[in-house]
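Shown next, in structure tokens, is the structure this report addresses.
The values are calculated or read from the model by the stated rules, or taken from the named source; none is laboratory data. Being a predicted model, the structure only gives us computed values, none of them experimental. Every residue, glycine as well, gets a Cβ built from its backbone with ideal geometry; the counts of neighbours run over all protein chains shown. Remember, those area values only see protein heavy atoms, side chains included, never the ligands or the DNA or RNA. Shrake-Rupley method; radii C 1.70, N 1.55, O 1.52, S 1.80 Å.
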Amino acid sequence: LFMDATCVSPVSGDGRPKPRAADTDGAAVAEADRKNRETEYPDVEASPHACLLCLGVETYGRWSSHSQHLAPQLARGKAQGVAAVLRRAADRAYTVRW
């Protein structure tokens with residue numbers, strides 16, 4: 001399992017929105033995910049023995065799909081250490097916090 005944490009801005013350095021970022025939520029983080037898979041880690045992406053998760057977030061709070069799916073799973077795992085009667089509340093609290 002390989003993970004790449006990426007934080008991107010939907011606005012370029014000169015103040016213009018990145019392509020599709022003005023119209024599509026998460027366009028900048030989706031582009032960063034594609035770049036990571038094709039340019040940065042093509043060997044990991046091509047390997048049948050590896051899985052690459054691009055845990056991306058845009059400034060202003062948009063998360064990549066991998067981040068959106070992983071956060072609740074991590075919250076559930078962290079809540080396993082809490083007493084059974086409080087587990088569901090702890091799971092929800094960790095999810096909301098993250």
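Here are the numbers:
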{"item": "Flag if Asp33 is open to solvent by less than 40 Å² (accessible area, probe 1.4 Å), out of contact with any Gly (no Cβ under 7 Å at 6 or more places or on another chain), of a type outside the set (A, V, I, L, M, F, W, C) and touching a residue at least 24 places away in the same chain (Cβ under 8 Å)", "result": "no"}
{"item": "Hey, Gly61 within 22 Å of Ala21 (Cα to Cα) and assigned to a loop (DSSP other than H, G, I, E, B) or not", "result": "yes"}
{"item": "Answer from Ala21, Ala71 - the residue that is aliphatic (A, V, I, L, M), assigned to a loop (DSSP other than H, G, I, E, B) and surrounded by 13 or more Cβ atoms within 10 Å (Cβ to Cβ)", "result": "Ala21"}
{"item": "Residue count, the stretch 24-58 (criterion: closer than 27 Å to Gly13 by Cβ, of a type in the set (Asp, Glu) and outside any strand (DSSP E or B))", "result": "5"}
{"item": "Candidate set: the stretch 48-64, residues that are touching a residue at least 12 places away in the same chain (Cβ under 8 Å) and open to solvent by 60 Å² or more (accessible area, probe 1.4 Å); chosen: the one nearest to Glu38 (Cα to Cα)", "result": "Cys51"}
{"item": "Output for the stretch 78-98, where each listed residue is among the small types (Gly, Ala, Ser) and either within 14 Å of Met3 (Cβ to Cβ) or open to solvent by 50 Å² or more (accessible area, probe 1.4 Å) (or both)", "result": "Gly81, Ala83, Ala84, Ala89, Ala93"}
{"item": "Contacts under 7 angstrom Cβ, first residue in the stretch 69-90 being modelled with pLDDT under 90, partner open to solvent by less than 60 Å² (accessible area, probe 1.4 Å) and not in a helix (DSSP H, G or I), 6 or more apart", "result": "Leu70/Leu53; Leu70/Leu55"}
{"item": "Qualifying positions in the stretch 22-44 - farther than 15 Å from His66 by Cα and in contact with a Leu (Cβ under 9 Å, 6 or more places away or on another chain)", "result": "Tyr41, Val44"}
